[in-house]
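No lab work stands behind these numbers, since they all come straight from the coordinates. Source: prediction; values computed, not measured. Reconstructed Cβ throughout: ideal geometry from the backbone, glycine too, with neighbour counts over all protein chains shown.
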Amino acid sequence: MQKPPLDPSVADRAPEASCLTGYDEQHLITYLRLLDAEADGADWREVARIVLHRDPAADPEGVHRCWHSHLARAHWMSSDRISRLILALRTLDGLDSGVSQREIAGVLFDHKVSATDWLSHDLHFRMKRLVRFARGLADGGYRRLLRHPFRGR
């Protein structure tokens, strides 16, 4: 199973189909980054420049439409699922940067755990589950999440 590209180019508008499209599969990481930026309260112009690689100064209306359509497409998931996917994306970013699971847990859950207490702490087990989930998504499990809710989950 092929992994989605990490930084694919985006169309002027996201699809409006009521089902999963190939474009959605390719842009899952883009959607997660948009949701992550929105959760952090980032300005749409900054997000368009960094995530969508569009220059809002060159075409403010067109870039805003592009950003808005992609963000709207990203919102088709439930808020709980979105939160978990954002945690998974942040976990993968941390792991890819060489950060330990204990340090990632400290940042994600705002709770520092000493190295001696880590192995028996509940955050250790929570991070293990989150890492397993995140790696499963990165290895192609994201496709299962994108399927229609009534089709063989």
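Numbers below:
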| item | result |
| --- | --- |
| FRET efficiency, E61 to L6 (Cβ-Cβ, R0 30 Å, nearest 0.05) | 0.60 |
| CD proxy at 222 nm, helix term only [per DSSP H run n ≥ 4: -39500 (n - 2.57); per residue of the chain; nearest 500] | -17000 deg cm²/dmol |
| Selection from P60, G94, A134, by position along the positive dipole direction of the stretch 22-145 (Cβ) | A134 |
| Nitroxide proxy distance, nm - points 7 Å out along Cα→Cβ at A42 and A72 | 2.1 |
| Rounded to 10°, Cα long-axis angle of helix 28-39 versus longest principal axis of the chain | 80 |
| Alpha carbon convex hull of the stretch 1-67, volume per residue in cubic angstrom | 92 |
| Segment S97-Q26, length gained on full extension (0.36 nm per residue, minus Cα span) | 23.3 nm |
| Largest-first principal axis extents, alpha carbons of the stretch 22-145, Å | 54, 29, 24 |
| Gained length - F133 relative to F109, 0.36 nm times residue gap less alpha-carbon distance | 7.0 nm |
